[in-house]
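The values are calculated or read from the model by the stated rules, or taken from the named source; none is laboratory data. Owing to the predicted nature of the structure, the values given are computational and were not obtained by experimental measurement. No Cβ is skipped: glycine too gets one built from the backbone with ideal geometry, and neighbour counts run over all protein chains shown. Areas reflect the complete protein model, heavy atoms only, side chains present, ligands, DNA and RNA absent. Shrake-Rupley method; radii C 1.70, N 1.55, O 1.52, S 1.80 Å.
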Amino acid sequence: QQPVQSPQAVILREGEDAVINCSSSKALYSVHWYRQKHGEAPVFLMILLKGGEQKGHEKISASFNEKKQQSSLYLTASQLSYSGTYFCGTENPDAGKSTFGDGTTLTVKP
Amino acid sequence: DTAVSQTPKYLVTQMGNDKSIKCEQNLGHDTMYWYKQDSKKFLKIMFSYNNKELIINETVPNRFSPKSPDKAHLNLHINSLELGDSAVYFCASSLGGVRSPLHFGNGTRLTVT
């Protein structure tokens, strides 16, 4: 069962912040975040494991709350280069596969 | 230097034809995947191989047949192509396990007319 992402789309001005949420109805073991620019392949951003950890990558950070079965991606002081579609991927070791949310399209305008 | 490479990048063909997409990774990963991304950008796993062994086979028509001659290669053959097969197909690889990110190829855009 695929995770649910919200919002589906967001439009920002440069310098503004955004939050993208990813939630699952099943227990999460890890959450991956990817960004896909138009016409390109998804690119790995970061992975979060059980334990409620947070991670940061430049001005992009994420949190993972396995009790709430959700993860959030935080983009601060957004840049034009942040535009793209963001996917969360949830892992179930029993299934041995990543299941992706249906993506959040982020558009950063000057 | 390309980590995961797919060929061809574009594939335009007619209904009923048979086509193949090739994928190679030089990352030394044990696990390779095929994902399908439709027009709504939804990424859906199709197959996964670990060391040449099929470990995931999602609900995919029998017309799709993956083949892994060795752990660095995973090809996808599609028989009797249909209009609904039009999509972007991504190959990916990983070390396997919940801690391993996916490395995607650049995708093959398949258009069936």
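Quick notes on this one:
Residues are listed down the side, and each one gets a yes or a no for (1) open to solvent by 50 Å² or more (accessible area, probe 1.4 Å); (2) of a type in the set (S, T, N, Q); (3) part of a strand (DSSP E or B):
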residue: A:Gln5; (1), (2), (3): no, yes, yes
residue: A:Ile20; (1), (2), (3): no, no, yes
residue: A:Val31; (1), (2), (3): no, no, yes
residue: A:Gly39; (1), (2), (3): yes, no, no
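- Of everything listed in (1) without any contact (Cβ under 8 Å) to a residue 12 or more places away in the chain; (2) farther than 27 Å from B:Thr2 by Cα, the single unmet condition for A:Asp17 is (1).
- Flag if A:Ser98 is modelled with pLDDT under 95 and within 11 Å of chain B (Cβ to nearest Cβ): yes
- Residue within region B:31-49 that is over 25 Å from A:Gly101 (Cβ atoms) and either in contact with a Lys or Arg (Cβ under 9 Å, 6 or more places away or on another chain) or not small (Gly, Ala, Ser) (or both) present: no
- For region B:28-43, a residue qualifies if it is surrounded by 13 or more Cβ atoms within 10 Å (Cβ to Cβ) and in contact (Cβ under 8 Å) with a residue 12 or more places away in the chain, and the qualifying residues are B:His29, B:Asp30, B:Thr31, B:Met32, B:Tyr33, B:Trp34, B:Tyr35, B:Lys36, B:Gln37, B:Leu43.
- Region B:32-41, residues that are at pLDDT below 90 and within 11 Å of chain A (Cβ to nearest Cβ): B:Lys40, B:Lys41
- Applying a threshold of 9 Å to beta carbon distances and a minimum spacing of six or more residues, or different chains, the list of pairs starting in region A:33-49 at a residue that is more than 21 Å from A:Thr107 (Cβ to Cβ) and more than 8 Å from chain B (Cβ to nearest Cβ) and ending at one that is open to solvent by less than 60 Å² (accessible area, probe 1.4 Å) and among the aromatic types (Phe, Trp, Tyr) reads A:Met46/A:Trp33; A:Leu48/A:Trp33; A:Leu48/A:Phe64.
- Of all the residues in region B:65-79, those that are assigned to a strand (DSSP E or B) and touching a residue at least 24 places away in the same chain (Cβ under 8 Å) number 8.
- So A:Tyr86, is it at pLDDT 95 or above, out of contact with any Phe, Trp or Tyr (no Cβ under 6 Å at 6 or more places or on another chain) and either closer than 24 Å to B:Gly97 by Cβ or facing chain B (nearest Cβ under 10 Å) (or both): yes
- Filtered residues of region B:80-113 (kept if part of a strand (DSSP E or B), more than 8 Å from chain A (Cβ to nearest Cβ) and out of contact with any helix residue (DSSP H, G or I) (no Cβ under 8 Å at 6 or more places or on another chain)): B:Ala87, B:Val88, B:Tyr89, B:Cys91, B:Ala92, B:Ser93, B:Ser94, B:Thr108, B:Arg109, B:Thr111
- Test result for B:Gly97, surrounded by fewer than 14 Cβ atoms within 10 Å (Cβ to Cβ) and over 22 Å from A:Thr90 (Cβ atoms): no
- Residue match in region B:44-61 (condition: away from chain A (no Cβ under 12 Å), among the charged types (D, E, K, R), on the phi > 0 side of the Ramachandran plot and surrounded by fewer than 18 Cβ atoms within 10 Å (Cβ to Cβ)): yes
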